[in-house]
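Notes follow the structure.
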Amino acid sequence: MNRKVFQALTGLMWLALPITAFRFWLAWDRLPLRMATHFNLNGQPNGWMPRETAFYFALGVTALVVVVFTVISYVAHKTHAPDLLSWSLLGFFYLIIGFVYAGNSGVVQYNLDGQRVEIDFWTVLVPVATIALVAIFLGTKRGASLPLAAVIAEESHGSRAWSLLFIALLLAQFSAAIAIPVPPVRIASVVLGLLFAVIAVHIWTGFHYLFTSAGVEIRTLGFRLRSIPREDIRQYAVESWNPLRGYGIRGIGNRRAYVWCNKGVRIQTTGGEVFLGHNEPERIVRDLDAIKR
């Protein structure tokens, strides 16, 4: 039943296309031939399109968002039954689609009566929802804490280069909060800036892998991300990591990767797969060998 409901709600996201088209159709004869479609931070138009181009552009952006979200939702429910993360992700997708529709509808309304495009509510809600989704993602698939046991080894894996990138993003967000005199934008910039600060510290300090006689524990910033009991480890091997798959904490369903470089060790467990990134993956293999012995 949960799968069918999840599939139905995934399909309903496509209603955003006819709803957007209907919004334009209702006002089509009253819209100017050249529409204002881009606005500055004060709500003043600074970009225009022909009416037909504006219509197809709105549909194109909506279609792109819906296609991406449909593919992700399909993969999420195909690999396992919908769980808290899957439902939260679907809710987040609906939120983003609502944001896109609000923007398109606001453009139509502005060109009808000059009413300012109101997205202040969304500029605060979307960053807060993003942080909530990240928290849910980190809280799932953690497994039970391992019992106290003798420590065999401890490894760490981070990236100073990626950390500097997020420090730059942090500075950009705080600069925007100071320079832009729009309260919702300032709030959103501060929220995103704080998120980037946490990410930058996490990347700088890296993932910490604790190998004990009871198994492997993965942590960052003192927070336990994952526990792998020794008896759940089936096999492991050094493998390369495709950069196109991204970095950080990756994966949905029964797969997780903790990686900031292009190599590491893939661990097959009774419940799925875990990829531990490391610049010297042979050390991870050595530590896993010690656990299994």
Accessible area in square angstrom per residue, region 26-145, 1.4 angstrom probe: 53
The chain, accessible surface, carbon-and-sulfur percent (1.4 angstrom probe): 65
Cross-link reach list, aspartates and glutamates versus K263, counting only Cα pairs under 17 Å and skipping chain neighbours closer than eight places: E155, E239, E273, E280, E282, D287
Prolate/oblate/rounded call for region 23-117, Cα gyration tensor, a/c under 1.5 rounded: prolate
Å² of accessible area per residue within region 177-290, as computed with a 1.4 Å probe and no ligands counted: 44
For region 4-52: rounded, prolate or oblate by the Cα gyration tensor [a/c cutoff 1.5]: oblate
Net +/- balance of residues flanking A153 in space, Cβ distance below 10 Å, scoring K and R +1, D and E -1: -1
Partner aspartates and glutamates for K4 [C-alpha distance under 20 Å; skip if fewer than 8 residues away on the same chain]: D83
Nearest-0.05 FRET efficiency for S213 and V128, computed from C-beta distance (R0 45 Å): 0.60
Helix runs (DSSP H) in the chain reaching 24 Å along axis by Cα, Kyte-Doolittle at least 1.6: 120-139, 160-179, 183-205
Cβ-defined net charge surrounding K141, 10 Å radius [Lys, Arg +1; Asp, Glu -1]: +3
Helix-only CD estimate at 222 nm, as mean residue ellipticity for the chain, using -39500 (n - 2.57) per DSSP H run (n ≥ 4): -18500 deg cm²/dmol
Theoretical gain in end-to-end length, L15 to N42 [0.36 nm per residue, Cα-Cα removed]: 6.6 nm
Approximate spin-label separation I187-W28, in nm, with each point projected 7 Å along Cα-to-Cβ: 3.8
Full-stretch length increase - E154, E273 - with 0.36 nm per residue and alpha-carbon distance subtracted: 40.8 nm
Diffusion constant of region 52-211 at 20 °C, which comes from Stokes-Einstein with the Kirkwood Cα-pair radius and 1.002 mPa s, µm²/s: 113
Convex hull (Cα only) mean projected area of region 194-243, reported in nm² to one decimal: 4.9
Descending Cα extents along the principal axes, region 165-293, whole Å: 62, 26, 25
Over the chain: Kirkwood hydrodynamic radius from C-alpha pairwise inverse distances, Å: 21.9
Efficiency of FRET from Cβ geometry, Y94 and R230, R₀ 45 Å, rounded to 0.05: 0.65
Hull shadow area, averaged, region 135-230 [alpha-carbon convex hull, nm²]: 7.0
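The values are calculated or read from the model by the stated rules, or taken from the named source; none is laboratory data. This structure is a prediction, so every number in the text was calculated from the model and none was measured. Every residue, glycine among them, receives a Cβ derived from its backbone with ideal geometry; neighbour counts consider all protein chains shown. Note: accessible area is taken over every heavy atom of the protein model, side chains too, but ligands, DNA and RNA are not part of it. Shrake-Rupley method; radii C 1.70, N 1.55, O 1.52, S 1.80 Å.
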